[in-house]
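K.L.:
After the structure tokens below, expect a handful of questions from me.
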Amino acid sequence: MDGREEEIRRGAEEIIASFVKATEKIPALTETYYSLEAYNVVRPDGEPSPEEERATFRSRFISLMPKADEMGNLKVEVARWSKER
Amino acid sequence: MNIKIGFEIHQQIATRRKMYCNCPTNYQEVPPNTNVCPICTGMPGAKPLPPNEKAVAAAVEIALMLGCEIVTGQTIYIQRKHYDYPDLPSGYQRTSLPIARGGELQGVRIREIHLEEDPGQYDPTAGTVDYNRSGIPLVEIVTEPDMKSPEEARKFLRTLVRVLEYTGKVRPEAGGAMRADVNISLEGGGRVEVKNINSVKGAYRALKFEIIRQKERLKKGLTVERETRAFIESQMVTVPMRTKETEEDYRYIPDPDIFPLILEESWVKEIREKMAEPPHLRQRRLTERYKISAAEAEVIVSEREMADLYEAVASEIDPKLAASWFKTKLKKVLNYMKLRAADVKFEPAQLVALLRMVEEKRVTPEQGELILRELARNPADPEKIMQKLGLTPIKPTELAAAIDRVITENPKAVEDYLAGKKEAINFLTGKVLALTHRRADPREIAKLLIAKIKKSDN
Amino acid sequence: MVQGTLEKLAKIRRGELSAIENVSSSLELIKKLDRKINSFIEINPNALMEAEAVDRKIKKGESVGKLAGLTIGIKSNINVAGLRTTCASRTLQDYISPYDAEVVKRIRAEDGIIIGMTNMDEFACGSSGESSAFGPTDNPAAPGHIPGGSSSGSAAAIAAGLCDICLGSDTGGSIRNPASHCGIVGLKPTYGLVPRQGLIDLGMSLDQIGPLSADVSGTVVMLETIAGRSDNECIMLNVDKLNCSEKIQDCDLKGLRVGVSKKFSELTDPRIMDVIDREIEKLHDLGAEIVAVDLPNLELGLSAYYLIVSVEFFSGTRKFDGRKYGKKIEDVCGEEVLRRILRGRYISQKEYRGKFYQRALQVRTLIKRELMAAFEKVDVIAGPTVPKLPHRIGTKLTPMEMYAYDYLTVPANLAGICAGVIKAGEINGIPVGLQLQGRVLGEAEVLRVMKALEATE
């Protein structure tokens, strides 16, 4: 790790320290994970999205890929464990 | 040696849309990266849609079939499990807190059940990723390490697959819809987790390999370290993926983009009332109710649709006759035609009619099988099929004439039989069968042949 | 202000000003002025074509949408199909968005013309507009000073009159802070009122898209366009449509209870407090009842906020692995982005979860309760937006000094309530904005107060 990253890390931890100090006297409360409270918001299974919509997205997605093969697969690294034998 | 084997099984749930987006789920049938959208490819800014309700219900039903206690009345967060892998479009997988706990199947305890989403498909050797599969709903079943051998593990998995398929809510195992992570530890060694297992067969082979590998190491006085390995199916070996010095930290947080679930008792009750009878319980009931053998019942319950068909038929005709037909003839015909019971198009009444013809000896069992084969291919009235195939029963005089002719034309076989070669009668029977266009019962033919030969020999 | 948003809309509808003319003049102004301001980092090449389509509709006498012909700037963290949605980061510098955010769809449906993508702090991580990979944005209202952030370009573009309305996003003050420094109107809607589908994450449980404009009407018309439930999203309020235009016609504030807290003056530069106090006096003159409210732990919100946002940001940036598009974020991002990722990674570790992350979420509960208790007594809470004046561009601040800009804005995000900003006055030519916090779905009350103040100008 270079000096820059070390300095950034220290800066990152600074506010944690101030937080711990500032909240010492706060009693334990329930955590608020969401700004809204609701449960069981689900959607029904049903008709999938139209094919044309996905076709448009597909071509845009492939053009964003750093590398793609001719089938439309995204090209990424080969898994290390599949080589180290 | 004391061996402990446990599983984390991931089974795809059959839905039309993915878990958190509206892409279709037929990922095997389309070119790479076709069933995708910003959500299931992790585009910047994409948020999940609300969870697919059918997937939630299916996971609950599966948990109930495995005898689990459903977690009701508690907040079940959909969590983000963070790890970096090419198949994970967002760098985390969504996985619920347990929706159920504490089940049991075949003596193996089920620890807990989660609702998850499938990652994309990564080919580790080609270095390609296809996101068609990304976001397909999964149920994750975590067992306790209660299995003691690869055979036991395989048996458990087979039973599990049957139970899962019984719900009618999952994709068939044959298509790679079930994947497992297996953990195995030998006495004196660390716990090894093996990933990348895509079938029951694969799990068995991976376990076999691991036991040999670990035993070898322990024998040599080497340690077996706690680690994660990958199974390479083509070579039937496992290789190290990463060393697991401490538990990997997935930094779980509740997904801020999805509201948590609270399963309600009344909803679970509704599912319980509508759900299919689990196969292991159904097997027991069938043997007791219809007085059939355990072996027959096992074949019958192997597929839910087969058992449904059996019960429809057994209410109309001798259940024992039906059971023996299911175990031998029907199973054979379906296997031969590569059909599953779910694919069967004929009506239970048509099968009943056929069995009645057999019962009344209007057709031989062999003829019956021919009719059954045709019935499976092109459902129709069995009487009509019989006529179409020319399977009208043979007249005794016609059969006697055929037997005479075969005996006359095959003196060598007759001699052989008389000389003590009993199998010669099979040859002759075959000839008669051919001559009579298989309209006669081979057992009957053999009987008549023997009588005739003995009579003329005297 | 030369003309109000509503007058302009009416002129376009009547054919007195064509959409093409409006878009052309915006493009010309950008060309002329923005080299120095640096508020836009991507221009929509189809803007004139889209304007032409609107003009055609008007000529044919067809009905047009409520934003017909207005020029709209979009913050660079909101996806617009075909445009570079970069978050002002090298991570996404080549990312041409393949899809429209839900709010963009709604703007297009109302015939608004997207003019371009605005500059911002990288990934919305900043309060000054200086952390953009495309260079800092100047403050047109106080040249040489920061415009505030993170919606720096959106606020500056409005302040310079380069376009009619902008969208920003507000996670801890990112709309209100630059609106205050640039002397314009801005609103952070109630959490869950405006769809986030297509908004690139900073803190998912805090982020909200909202408008910035030169007048209150601009903010109202945009809010009415983008607000309301979407089936394409889970975390939304069950609100169909928002209609507050009618409720804000009244210029008198009789019967309205306005809360003020002594906490504000403890945290704020006294010069700013003077301006704010004078503005609150005006509210009193307009008939509002001024009521003191107690917000004893308000300042604890800041560090809790930075802990929560870091964890959520860490999680939300895991997708920037450089495999599918763009670059791996840690390889190319700026300091503040990296700082938040590292902090998020640190405090989300299993062993620190309870100590830091969950503790921060408890403080969030505390802040929320205090604000809810205050809203039992009052309809809006009035106070300063930012505790200090904007620094000169390039001044070196420590992270803590930078975070201190956000003391007064983060509580609204932690509690999920709405809050608007309107210019209250100036100090040595530098604008100061009054912040009006409202209840959950209290937009109409907040906007009513803002409108009444605007009318006194």
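The values are calculated or read from the model by the stated rules, or taken from the named source; none is laboratory data. This one's a predicted model, so the numbers in the text were calculated from it and none came from an experiment. Positions of Cβ are generated from backbone atoms using ideal geometry, with glycine treated the same way; all protein chains shown enter the neighbour counts. Please note that ligands, DNA and RNA were not included when accessible areas were found on the heavy atoms of the full protein model with its side chains. Shrake-Rupley method; radii C 1.70, N 1.55, O 1.52, S 1.80 Å.
K.L.:
I need a count of the residues in the range C:81-94 that are assigned to a loop (DSSP other than H, G, I, E, B), under 22 Å from C:Ser150 (Cβ atoms) and more than 20 Å from the chain's Cα centre (by Cα). Talk me through it step by step, then tell me what you get.
P.N.:
Step one: of the range C:81-94, the residues assigned to a loop (DSSP other than H, G, I, E, B) are C:81-83, C:85-89, C:93-94.
Next, from what is left, pick out any that are under 22 Å from C:Ser150 (Cβ atoms): C:83, C:85-89, C:93-94.
Now drop any that are not more than 20 Å from the chain's Cα centre (by Cα), which leaves C:83, C:93-94.
Summing the residues that are assigned to a loop (DSSP other than H, G, I, E, B), under 22 Å from C:Ser150 (Cβ atoms) and more than 20 Å from the chain's Cα centre (by Cα) in the range C:81-94 gives 3.
K.L.:
Okay, moving on. Criterion first (surrounded by 15 or more Cβ atoms within 10 Å (Cβ to Cβ) and touching a residue at least 60 places away in the same chain (Cβ under 8 Å)) does B:Glu374 satisfy it?
P.N.:
No.
K.L.:
Right, here's the next one. How about the range C:92-119: which of its residues are open to solvent by less than 10 Å² (accessible area, probe 1.4 Å), within 13 Å of chain A (Cβ to nearest Cβ) and of a type in the set (Ser, Thr, Tyr)?
P.N.:
Within the range C:92-119, C:Tyr95, C:Ser97 qualify.
K.L.:
Something else about it: Could you give me the residue pairs with C-beta distances under 7 Å whose first residue belongs to the range B:413-440 and is open to solvent by less than 20 Å² (accessible area, probe 1.4 Å), whose second residue is among the charged types (D, E, K, R) wherever it lies, and which are 6+ apart or on separate chains?
P.N.:
B:Ala424/B:Asp416
K.L.:
At least 1 residues that are within 25 Å of the chain's Cα centre (by Cα) in each: list the strands (runs of 3 or more DSSP E) lying fully within the range B:74-118 that qualify.
P.N.:
B:100-105, B:108-117
K.L.:
Kindly provide the set of residues from the range A:14-38 that are more than 7 Å from every other protein chain (Cβ to nearest Cβ) and not aliphatic (A, V, I, L, M), ordered by number.
P.N.:
Of everything in the range A:14-38, those that are more than 7 Å from every other protein chain (Cβ to nearest Cβ) and not aliphatic (A, V, I, L, M) turn out to be A:Lys21, A:Glu24, A:Lys25, A:Pro27, A:Glu37.
K.L.:
Could you go through the range A:68-75 and let me know if any residue there is within 25 Å of C:Met372 (Cα to Cα), open to solvent by less than 50 Å² (accessible area, probe 1.4 Å) and of a type in the set (S, T, N, Q).
P.N.:
Scanning the range A:68-75, I find no residue that is within 25 Å of C:Met372 (Cα to Cα), open to solvent by less than 50 Å² (accessible area, probe 1.4 Å) and of a type in the set (S, T, N, Q), so the answer is no.
K.L.:
Here is a follow-up. Kindly provide the set of residues from the range C:421-447 that are open to solvent by less than 20 Å² (accessible area, probe 1.4 Å) and part of a helix (DSSP H, G or I), ordered by number.
P.N.:
Correct list: C:Glu443, C:Val446, C:Leu447.
K.L.:
Any idea how many residues of the range B:148-163 are in contact with a Leu (Cβ under 9 Å, 6 or more places away or on another chain) and either of a type in the set (Val, Ile, Thr) or surrounded by 24 or more Cβ atoms within 10 Å (Cβ to Cβ) (or both)?
P.N.:
Of the residues in the range B:148-163, 4 are in contact with a Leu (Cβ under 9 Å, 6 or more places away or on another chain) and either of a type in the set (Val, Ile, Thr) or surrounded by 24 or more Cβ atoms within 10 Å (Cβ to Cβ) (or both).
K.L.:
Please determine whether any residue of the range C:283-294 is in contact (Cβ under 8 Å) with a residue 60 or more places away in the chain and in contact with a Ser or Thr (Cβ under 6 Å, 6 or more places away or on another chain).
P.N.:
Within the range C:283-294, one or more residues are in contact (Cβ under 8 Å) with a residue 60 or more places away in the chain and in contact with a Ser or Thr (Cβ under 6 Å, 6 or more places away or on another chain).
K.L.:
Would you tally the residues in the range C:1-28 being closer than 15 Å to C:Leu162 by Cβ, of a type in the set (A, V, I, L, M) and open to solvent by 50 Å² or more (accessible area, probe 1.4 Å)?
P.N.:
2
K.L.:
For the range B:259-281: of the residues being assigned to a helix (DSSP H, G or I) and of a type in the set (A, V, I, L, M), which is most open to solvent (accessible area, probe 1.4 Å)?
P.N.:
That would be B:Leu281.
K.L.:
Shifting gears a bit: Regarding C:Glu279, is this residue assigned to a helix (DSSP H, G or I), open to solvent by less than 10 Å² (accessible area, probe 1.4 Å), among the charged types (D, E, K, R) and within 30 Å of B:Ala46 (Cβ to Cβ)? Spell out how you get there, then give the answer.
P.N.:
Details: assigned to a helix (DSSP H, G or I): yes; open to solvent by less than 10 Å² (accessible area, probe 1.4 Å): yes; among the charged types (D, E, K, R): yes; within 30 Å of B:Ala46 (Cβ to Cβ): no.
Answer is no for this residue.
K.L.:
Right, something else. Among helices (runs of 4 or more DSSP H) lying entirely in the range C:285-387, which contain 2 or more residues that are over 30 Å from A:Leu74 (Cβ atoms) and either touching a helix residue (DSSP H, G or I) at 6+ places or on another chain (Cβ under 8 Å) or within 14 Å of chain B (Cβ to nearest Cβ) (or both)?
P.N.:
C:300-316, C:335-347, C:358-377
K.L.:
Return yes when B:Glu233 is open to solvent by 50 Å² or more (accessible area, probe 1.4 Å), farther than 30 Å from B:Thr75 by Cβ and within 24 Å of the chain's Cα centre (by Cα) and no when it is not.
P.N.:
yes
K.L.:
Can you name every residue in the range C:190-225 that is among the hydroxyl-bearing types (Ser, Thr, Tyr) and part of a loop (DSSP other than H, G, I, E, B)?
P.N.:
Residues satisfying the conditions are C:Thr190, C:Tyr191, C:Ser205.
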